[in-house]
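Scroll down for the structure; my scribbles are underneath it.
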Amino acid sequence: KQEVTQIPAALSVPEGENLVLNCSFTDSAIYNLQWFRQDPGKGLTSLLLIQSSQREQTSGRLNASLDKSSGRSTLYIAASQPGDSATYLCATSQTSGSRLTFGEGTQLTVNP
Amino acid sequence: NAGVTQTPKFRILKIGQSMTLQCAQDMNHNYMYWYRQDPGMGLKLIYYSVGAGITDKGEVPNGYNVSRSTTEDFPLRLELAAPSQTSVYFCASSFQGLGTGELFFGEGSRLTVL
C-alpha cells in the first residue's frame with residue numbers, strides 16, 4: 001500500500017527566500033505525482049502534475065522534480081512571497097485509473 | 001466561471017440525523033469525486049463516478065451513499081450521522097480519469113456531528 005509523507009508539517013520563512021518542500025512515497029511504481037495548494041477554508045488547487053516519465057515540471061516560480069528511484073519529489077519555490085502562504089499537498093497515483101494517495105501536507109508561512 | 005460548487009459550506013448535525021451534501025460542476029467533466037479531510041491528514045476518497053449512472057466506492061465509503069443522475073451533479077448522502085463523520089468534505093471533478101488528470105476542487109463543506 002502506497003504511503004506518502006511530507007516533512008516538515010510546518011515551515012516558516014522570511015519573504016524572498018528560496019525554499020524546498022519535500023514529498024516521499026514508499027512505492028516507486030507511480031503513474032504520476034501532483035502538487036496542490038490549499039488556502040485556509042478553501043479547496044485544493046492543482047499546481048503541477050508530473051508524469052512518471054518526466055523528471056520535472058515548471059510553472060512560474062514553482063519547479064517540481066521527481067526521482068522515482070528514491071521515492072522523492074520536491075517542490076521548489078523561488079523568491080517566496082507572503083501570498084505563497086498556504087498548505088501544500090502532494091499526491092501519487094499508481095496506475096491510470098487508480099485513486100490518488102495524498103500526503104498530510106506542509107503548512108508554509110512566508111513572513112513579510 | 002463557477003467550476004465546482006458545493007453546498008452547504010457549514011452544517012451541524014445531531015447523531016442519527018441524515019443530510020445530503022450537494023455538488024455541481026459546469027465543466028462537462030465525466031469524472032467526479034468525494035473526499036473527506038480530517039485535521040492534519042491527507043484526503044481520503046469516499047466515492048467516485050466515471051459518468052452519469054456509474055458510481056464506485058473509494059477508500060472510506062461506509063456510512064455514505066452517492067448518486068449520479070446527470071453529468072453535472074454528484075450529491076453525497078449521509079445516513080444516520082455519527083461523530084466519526086465530522087470532517088471537511090470536498091467534491092472534485094476531472095476531465096481525464098481517476099489518477100490521470102488535473103483535479104478541480106470545490107471549496108469544501110464543513111460538517112460537525114454532535
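Here are the numbers for this structure:
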{"item": "Qualifying residue in segment A:100-108 (condition: more than 9 Å from chain B (Cβ to nearest Cβ) and part of a loop (DSSP other than H, G, I, E, B))", "result": "no"}
{"item": "Answer residue from segment B:97-114, given it is open to solvent by 30 Å² or more (accessible area, probe 1.4 Å), more than 7 Å from chain A (Cβ to nearest Cβ) and not hydrophobic (A, V, I, L, M, F, W, C) and is farthest from the chain's Cα centre (by Cα) among those", "result": "B:Thr112"}
{"item": "Residue satisfying condition, being outside any loop (DSSP other than H, G, I, E, B) and aliphatic (A, V, I, L, M), within set B:Met32, B:Met41", "result": "B:Met32"}
{"item": "Test result for A:Ala79, modelled with pLDDT under 95, surrounded by fewer than 15 Cβ atoms within 10 Å (Cβ to Cβ) and either within 15 Å of the chain's Cα centre (by Cα) or not in a strand (DSSP E or B) (or both)", "result": "no"}
{"item": "Scope segment A:22-46; condition assigned to a strand (DSSP E or B), in contact (Cβ under 8 Å) with a residue 40 or more places away in the chain and within 10 Å of chain B (Cβ to nearest Cβ); matching residues", "result": "A:Asn32, A:Gln34, A:Phe36, A:Gln38, A:Leu44"}
{"item": "Leading residue by the ranking (least open to solvent (accessible area, probe 1.4 Å)) among those in segment A:55-76 that are within 14 Å of chain B (Cβ to nearest Cβ) and either closer than 23 Å to A:Thr26 by Cβ or of a type in the set (D, E, K, R) (or both)", "result": "A:Ala64"}
{"item": "Matching residues, segment B:61-96, being closer than 16 Å to B:Gly16 by Cβ, crowded, with 17+ Cβ neighbours inside 10 Å and within 13 Å of the chain's Cα centre (by Cα)", "result": "B:Tyr64, B:Leu78, B:Gln85"}
{"item": "Residue list for segment A:82-99, filter: in a loop (DSSP other than H, G, I, E, B) and closer than 20 Å to B:Tyr35 by Cα", "result": "A:Gln94, A:Thr95, A:Ser96, A:Gly97, A:Ser98, A:Arg99"}
{"item": "Some residue of segment A:2-9 being more than 12 Å from every other protein chain (Cβ to nearest Cβ) and either of a type in the set (Ser, Thr, Tyr) or surrounded by 12 or more Cβ atoms within 10 Å (Cβ to Cβ) (or both)", "result": "yes"}
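The values are calculated or read from the model by the stated rules, or taken from the named source; none is laboratory data. Please read these numbers as outputs of a predicted model, since none were measured by experiment. Using ideal geometry, Cβ is built from the backbone for each residue, glycine included, and neighbour counts are taken over all protein chains shown. Heads up: the accessible areas ignore ligands, DNA and RNA and are worked out on the full protein's heavy atoms, side chains in. Shrake-Rupley method; radii C 1.70, N 1.55, O 1.52, S 1.80 Å.
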